Amino acid sequence: MKPDLFEAPDYYNIDDLLTEEHKLIRDAARAWVKRDVSPIIEEAAQKAEFPKSIIPGLAEIGAFGPYIPEQYGGAGLDQISYGLIMQEIERGDSGVRSTASVQSSLVMYPIWKYGNEDQRNKYLPKLASGEWMGSFGLTEPDHGSNPAGMVTSFKDKGDHYLLNGAKLWISNSPFCDVAVVWAKNEEGRIHGLIVERGMEGFSTPETHNKWSLRASATGELIFQDVKVPKENLLPNKSGLGAPLGCLDSARYGIAWGAIGAAMDCYDTALRYSKERIQFGKPIGAFQLQQKKLAEMITEITKAQLLALRLGQLKNEDKATSAQISMAKRNNVDMAIKIAREARQMLGGMGITGEYPIMRHMMNLESVITYEGTHDIHLLITGLDITGLSAFK
């Protein structure tokens, strides 16, 4: 394994806009990725295995619910801190960041925001510590970009609910201890239910043969007459807005995370351009290669500023769903383009596991689709600026 020589670009001195706490949190996450993720991630991706050994480390750097209050086991940090942690983790690998994003924004967030005090005290501390891992059940085999069409449903059986249905493309599902599942009641209203591993009729088959997010565990959630205790229903919010609120938090984390993947590709290509000799000089001395690198750092800098401002708005509770969509779409698009350009700069070496670029590129093909596709986010912006829906 090559040493991790990553140096983060900061072309506009954005560090000057961060607090000392922000930088300490980010640097701790960066050091952990260099020590515990970089040495193992290529082998994990080649084997298509999620490295469970890193779960305690993710908890230690505050990656699980960093903004969850300390009374529930979280770190009580602000939204910029959350973003910076996601940036550093995705610099290591998008799949590892997916694991942290799901745990934080899609499992802990709804329990914290939509749950009651008993649910918060029961689940959040164990999720924050990594003792329990969670998954989020929204997407279905026939309902991706249109979650309102879900068919997973539950019926009131007096002393419990009876849950039936299936969810697909679920990160963490093969090993999750709990799942926050969205389903319709008998009136067609969407509610969140906490389903625990071991409940009869609940299974989590793994999805194999992925060319993307290979170091992340993906699977299904299948419910066949699962008896869910009534106290496991999230009481404080229902309707489609409830899961969409979770997605806002996850999309925000992705907007930061994608910057990390882009940084890693840029840093790798920049270093390679100074070392690789062709026609008697480093390839970085040629105009076309400098054009690629100059455009990469420009787009990374723009994405950093976009994410930072969004983080400020999130801290003030002013960030809109449409603003979050814009940042997610822009930053992931930026990252995947940089990965492709960086891969070309490395030529044949760019497709090997000796460098991280091809792994990032394949991962980003998933990131550009999940938590709202590239095109759906464009239409969210279109709706926001015109007031006219293109979805119907």
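The values are calculated or read from the model by the stated rules, or taken from the named source; none is laboratory data. Just so you know, these numbers come straight off a predicted model, no measurement behind them. Cβ atoms come from the backbone with ideal geometry, glycine included; neighbour counts cover every protein chain shown. Accessible surface is based on the protein model in full, side chains and every heavy atom, while ligands, DNA and RNA are left aside. Shrake-Rupley method; radii C 1.70, N 1.55, O 1.52, S 1.80 Å.
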Residue selected from region 337-384 under the condition β-branched (Val, Ile, Thr) and free of Cβ contacts under 8 Å to residues at least 40 places away in the same chain, by the criterion most open to solvent (accessible area, probe 1.4 Å): 351
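Residue by residue, here is whether (1) assigned to a strand (DSSP E or B); (2) of a type in the set (A, V, I, L, M, F, W, C); (3) in contact (Cβ under 8 Å) with a residue 40 or more places away in the chain holds:
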| position | (1), (2), (3) |
| --- | --- |
| 227 | yes, no, yes |
| 236 | no, no, yes |
| 246 | no, yes, yes |
| 249 | no, no, yes |
| 253 | no, no, yes |
| 260 | no, no, yes |
| 267 | no, no, yes |
| 288 | no, yes, no |
Which condition does residue 141 not pass, out of (1) within 27 Å of residue 50 (Cα to Cα); (2) at pLDDT 95 or above, if it passes all the others? (2)
Given the conditions (1) assigned to a helix (DSSP H, G or I); (2) buried (at least 23 other Cβ atoms within 10 Å of the Cβ); (3) not acidic (Asp, Glu), and given that residue 113 satisfies all but one, which numbered condition is not satisfied? (2)
Kindly list, by first and then second residue, each pair from a residue in region 143-161 that is surrounded by fewer than 16 Cβ atoms within 10 Å (Cβ to Cβ) to a residue that is of a type in the set (Val, Ile, Thr), limited to pairs with Cβ atoms under 9 Å and residues at least 6 apart or on different chains. 145/373; 145/376; 148/190
Which condition number in (1) within 24 Å of residue 371 (Cβ to Cβ); (2) open to solvent by 30 Å² or more (accessible area, probe 1.4 Å) is the one that residue 128 fails? (2)
Has region 269-290 got any residue that is buried (at least 22 other Cβ atoms within 10 Å of the Cβ) and under 30 Å from residue 382 (Cβ atoms)? no
How many of the residues making up region 303-325 are in a loop (DSSP other than H, G, I, E, B) and either of a type in the set (A, V, I, L, M) or within 20 Å of residue 378 (Cα to Cα) (or both)? 2
Can you run down the residue pairs with Cβ atoms below 7 Å, 6 or more apart or on separate chains, where the first is in region 167-180 and over 22 Å from residue 227 (Cβ atoms) and the partner is of a type in the set (Gly, Ala, Ser) and assigned to a strand (DSSP E or B)? 171/135; 172/134; 172/135; 174/219
Considering only residues of region 209-232 that are over 25 Å from residue 130 (Cβ atoms) and out of contact with any strand residue (DSSP E or B) (no Cβ under 7 Å at 6 or more places or on another chain), which is surrounded by the most Cβ atoms within 10 Å (Cβ to Cβ)? 211
Please pick out the residue among 67, 11 that is touching a helix residue (DSSP H, G or I) at 6+ places or on another chain (Cβ under 6 Å) and surrounded by fewer than 20 Cβ atoms within 10 Å (Cβ to Cβ). 11
(1) open to solvent by less than 30 Å² (accessible area, probe 1.4 Å); (2) of a type outside the set (Lys, Arg); (3) touching a Phe, Trp or Tyr at 6+ places or on another chain (Cβ under 7 Å): which one isn't true of residue 94, the others all being true? (3)
State all residues of region 248-271 that are more than 16 Å from residue 10 (Cα to Cα) and either among the acidic types (Asp, Glu) or in contact with a strand residue (DSSP E or B) (Cβ under 9 Å, 6 or more places away or on another chain) (or both); if no residue qualifies, say none. 248, 250
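Let's see how each residue does on (1) outside any helix (DSSP H, G or I); (2) farther than 25 Å from residue 368 by Cα:
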{"site": "63", "(1), (2)": "yes, no"}
{"site": "66", "(1), (2)": "yes, no"}
{"site": "71", "(1), (2)": "no, yes"}
{"site": "74", "(1), (2)": "yes, yes"}
{"site": "81", "(1), (2)": "no, no"}
{"site": "85", "(1), (2)": "no, no"}
{"site": "90", "(1), (2)": "no, no"}
{"site": "95", "(1), (2)": "no, no"}
{"site": "100", "(1), (2)": "no, no"}
